[in-house]
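Asks: Below is the structure I would like to discuss, written out as structure tokens.
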Amino acid sequence: MTILDGGNIVENIKSDDNGNPFSTASGNMADIVCDYGKFALAVEVTMQSGQKQYEMEGEPVSRHLAKLKNETGKEAYCFFIAPKSMNPA
């Protein structure tokens with residue numbers, strides 16, 4: 001995330017001593033929040049796929065994006081990282 005423009009990057013995930021994440025953020029917060037001055041970015045990560053991914057991430061991703069946009073007053077985007085695409089069908 002720092003390669004985009006440096007930015008202010010806040011990780012809300014828990015990482016081991018080598019920097020490898022071992023859990024996602026607590027409830028009501030994005031896994032990673034980036035502030036690049038002109039815009040903000042929420043990063044959401046999941047290891048789920050299929051229907052389970054949709055059930056667990058469908059609502060929180062849009063909620064975290066709206067929260068970030070309201071808190072910063074900036075244009076905001078969300079980068080969703082998953083092993084497979086979200087497909088509710």
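The values are calculated or read from the model by the stated rules, or taken from the named source; none is laboratory data. Just so it is clear, the structure is predicted and the values come from calculations on it, not from any experiment. FYI the Cβ positions are ideal-geometry reconstructions off the backbone, even for glycines, and counts take in every protein chain you see. Calculation scope for accessible area: heavy atoms of the full protein, side chains included, ligands and nucleic acids excluded. Shrake-Rupley method; radii C 1.70, N 1.55, O 1.52, S 1.80 Å.
Asks: Just flag the trypsin sites (Lys or Arg not before Pro) in the stretch 1-71 sitting in loop per DSSP whose Cβ has no more than 13 other Cβ atoms within 10 Å.
Replies: Answer in residue order: Lys38.
Asks: Reachable lysines from Lys38, Cα under 18 Å, same-chain residues fewer than 8 places away excluded?
Replies: Lys67, Lys69, Lys74
Asks: Let me check the size of the chain from its C-alpha atoms; what are the radius of gyration and Dmax in Å?
Replies: Final numbers for Rg and Dmax: 13.3, 39 Å.
Asks: What is the sum of charges, Lys and Arg at +1 and Asp and Glu at -1, for the other residues whose Cβ falls under 11 Å from the Cβ of Val43?
Replies: Residues close to Val43 contribute a combined charge of -3.
Asks: Round to a whole number: what % of the accessible area of the stretch 1-77 belongs to carbon and sulfur, probe 1.4 Å?
Replies: 51
Asks: Rounded to the nearest 500, what is the chain's calculated 222 nm mean residue ellipticity when only DSSP H runs of at least 4 contribute -39500 (n - 2.57) each, over all residues?
Replies: -9500 deg cm²/dmol, from helical runs alone.
Asks: Please give the per residue accessible area of the chain, computed with a probe of 1.4 Å over protein heavy atoms only, in Å².
Replies: Computed with neighbouring chains in place, this is 67 Å² per residue.
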